[in-house]
Structures are given as C-alpha cells and as structure tokens.
Amino acid sequence: MRNRKLFILLCLLIAVLVIAGCSKTKQTVTQPAETPPAEQTTPPKTDTSTPGSGELKVHFIDVGQADCIFIQLPNAQNLLIDAGNNDDGQAVVDYLSQSGVSQIDYLVGTHPHEDHIGGMDTVFNTFNTGKVYLPKATNNTRTFEDVLKAIKARGLTVTPAKAGVQLVASEGLSAVMLAPNAASYEDLNNYSAVVKVSFGQVSFLFTGDAEEKSEMEMLAGSGAATLKADVLKVGHHGSHTSTSPAFLRAVSPQYAVISAGAGNDYGHPHREILQRLSGIKVYRTDLDGTVVFTTNGQAVNVETR
C-alpha cells in the first residue's frame, strides 16, 4: 500500500514537471513575436541628398569669349549650362572631372552659337547625361551638326527649351526657364534659354545671349517679381544689346558676372553696360578667372580661381 502511494506521488511530480517545462518552452517561442523585429524599430535613414541639406555651388568657368556654367545642386545633381567654344571641350571636361562629376543630370544649350555649344559634343562623349534642353532653333554650322550627332550617338532625346519648362521643382529648390517666349526670332541670340535657379532665399538668373527683345518679353510675361535674383549672369558677354535698364531694375541683383575673353574683338563688356551695373558687385572672367558662388540658401560666398 505504501509503495502504491509513493508511485502515485512520483507520477504526480513527473506530471507537474512536464507541464512546467511545456509552459516554459511556449513562453520562449512566443516572446519574439511580442517584440517588433529590429528593422522595424530602427529609425529611417536620413536622405542627405534632399534639398536644404547641402549647398548650391555655381561655377562660372573661364572659357574666354564664351559661356560655360556648372551648377552643383544641393540634391547632389549636376546642371551644365553651355560648354564654351569647340576648343574648350576638353578644358570643360577636365574641370568637371576635377570637381568629382561622373554624370550630368541636366544639360542646357542656351542657343546654337559656337561659343555656347562648341564643347558640348566632348561633354556628351565623356559623361553620362540625363535630360538635354535646346531651343527650337537651328544653325547651319559644323559645330551644331556635331552636337546633334553626339546626342544621337548617346541615344538621348532633346526637350525644347522655352519659358515655363521646369528642370527641378522641389521644396526649397527650383530651376525653371523664363525664356524664350516666342516661336521664332530674327536673331539667334533671342532664342537663348534663360534659366532661374533658386535655393532657399538665394536665386541666380542665367541669361545666355538674350537681348533686349527677349528681356521685354520676359518682363511682359513672367513679370518683374519673377525676374528678381541675387546673382545675374549678364547677357551676351556684357554687350550693349542686352541688360536693358528696365530688365536690370527688375532683376535688381547684388552680384553680376560677365563671361568674356581678355582683349576680345567685340569690346565686351561694353562701357555703357559697366556704367549701368554701377553699385552692383561685378565679377568678370576676363579679369577674375573662374568665379564660384556657394550658398546654403541664405548666405553667399564668392571665390575666384
């Protein structure tokens, strides 16, 4: 009888241990499901390429009697406006390479004159290029033909450059075209794509070779408020054909940049334009070399190279 009681007690003890062991195992298995996986509790990574997290850097590259403007956007993209003369192609490529460029996200050829698009075929043949913008204007030159061939060879398409075209549009950062406003012009200069780039409270206006006719169209269309900019790329290398008094008043820049070659045959910049720019801080590539503006959207820093 005593042995039977001991046997029953032993069986009960084993049953209790088994139940306890099972309960413990079940708790271990379900515990991870009660805690969110590690990746769900990790904060999302900050996108350091978003506008506002970096700086806008604008390089007015010294290419002599020509134009070339390289813009490093704060979203880590690159915008190139014009590429100098034919002989400047390699120098432009070298400058971009030394600046760490591997791709041109936006390329604007303001108008089909050699001193603006001459080096573009070299740029196309060197760097991957995203969007290409050219005005609906043609020129019966070998330079223009070479650019079109390079575009075709790289399998690129051309977006017509005209007023209202948005290159970049995001919070705190924009790049928009303000000209050309008409379908045809007698002078190729007036086909010039005019681009305004704004970052935070600072804006730049790049005018190509747009002359007074195009300037008046911008005043009538976009309006003076839209033209306001802190930095003006003076039209047509400082020629008297551009930078009319009404247009300059509307832009009302703190800084002006003239891209011209030393001792050029055109006498650029013309004296009357320099007089008109009195009171504005003027930089000239023929005197100062390459001019670089850097801004965080509030303050502006300028250096010459």
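The values are calculated or read from the model by the stated rules, or taken from the named source; none is laboratory data. On a predicted model such as this, the values are computed, not experimentally measured, just so you know. Cβ placement follows ideal geometry from the backbone for every residue including glycine, while neighbour counts extend to all protein chains displayed.
Might you check whether a residue that is touching a Lys or Arg at 6+ places or on another chain (Cβ under 6 Å), of a type in the set (A, V, I, L, M, F, W, C) and within 27 Å of residue 174 (Cα to Cα) occurs anywhere in the range 111-126? The answer is yes, given that some residue of the range 111-126 is touching a Lys or Arg at 6+ places or on another chain (Cβ under 6 Å), of a type in the set (A, V, I, L, M, F, W, C) and within 27 Å of residue 174 (Cα to Cα). Return the residue satisfying two criteria in turn: it lies in the range 82-108 and is in contact with a helix residue (DSSP H, G or I) (Cβ under 7 Å, 6 or more places away or on another chain) and farther than 14 Å from residue 70 by Cβ, and of such residues it is surrounded by the fewest Cβ atoms within 10 Å (Cβ to Cβ). Checked the range 82-108; the qualifying residue surrounded by the fewest Cβ atoms within 10 Å (Cβ to Cβ) is 90.
Of all the numbered requirements in (1) over 18 Å from residue 202 (Cβ atoms); (2) touching a His at 6+ places or on another chain (Cβ under 6 Å), residue 99 misses one, and that requirement is (2).
Listed conditions (1) out of contact with any Leu (no Cβ under 6 Å at 6 or more places or on another chain); (2) free of Cβ contacts under 8 Å to residues at least 60 places away in the same chain; (3) among the charged types (D, E, K, R) are all met by residue 196, apart from (1). Scanning the range 171-191 for residues that are under 22 Å from residue 114 (Cα atoms) and touching a Phe, Trp or Tyr at 6+ places or on another chain (Cβ under 6 Å) yields a total of 3. Against the definition (closer than 27 Å to residue 266 by Cα and out of contact with any Cys (no Cβ under 7 Å at 6 or more places or on another chain)), how does residue 75 come out, yes or no? Judged against the criteria, residue 75 is not a match.
If the condition is being touching a Gly at 6+ places or on another chain (Cβ under 9 Å) and closer than 30 Å to residue 54 by Cα, then the range 171-187 contributes 171, 172, 173, 176, 177, 178, 179. Filter the range 214-263 for residues that are touching a strand residue (DSSP E or B) at 6+ places or on another chain (Cβ under 7 Å) and more than 22 Å from residue 70 (Cα to Cα); which is modelled with the lowest pLDDT? Looking at residues that are touching a strand residue (DSSP E or B) at 6+ places or on another chain (Cβ under 7 Å) and more than 22 Å from residue 70 (Cα to Cα), I get 222.
Could you check, for the range 282-300, whether at least one of its residues is among the small types (Gly, Ala, Ser), at pLDDT below 95 and either closer than 22 Å to residue 73 by Cβ or touching a Gly at 6+ places or on another chain (Cβ under 8 Å) (or both)? No: zero hits. Quick one: would you say residue 47 is modelled with pLDDT of 95 or more and either surrounded by fewer than 22 Cβ atoms within 10 Å (Cβ to Cβ) or on the phi < 0 side of the Ramachandran plot (or both)? Judged against the criteria, residue 47 is not a match. Listed conditions (1) exposed (fewer than 14 other Cβ atoms within 10 Å of the Cβ); (2) within 26 Å of residue 239 (Cβ to Cβ); (3) touching a strand residue (DSSP E or B) at 6+ places or on another chain (Cβ under 7 Å) are all met by residue 196, apart from (1). Scanning the range 216-226 for residues that are under 23 Å from the mean Cα position of the chain (by Cα) and in a helix (DSSP H, G or I) yields 218, 225, 226. Of all residues in the range 227-239, those satisfying the criterion of being buried (at least 21 other Cβ atoms within 10 Å of the Cβ) and under 23 Å from the mean Cα position of the chain (by Cα) are 227, 229, 231, 232, 233, 234, 235, 236, 237. Of the residues making up the range 154-184, those that are surrounded by fewer than 18 Cβ atoms within 10 Å (Cβ to Cβ) and either over 17 Å from residue 107 (Cβ atoms) or among the acidic types (Asp, Glu) (or both) number 9.
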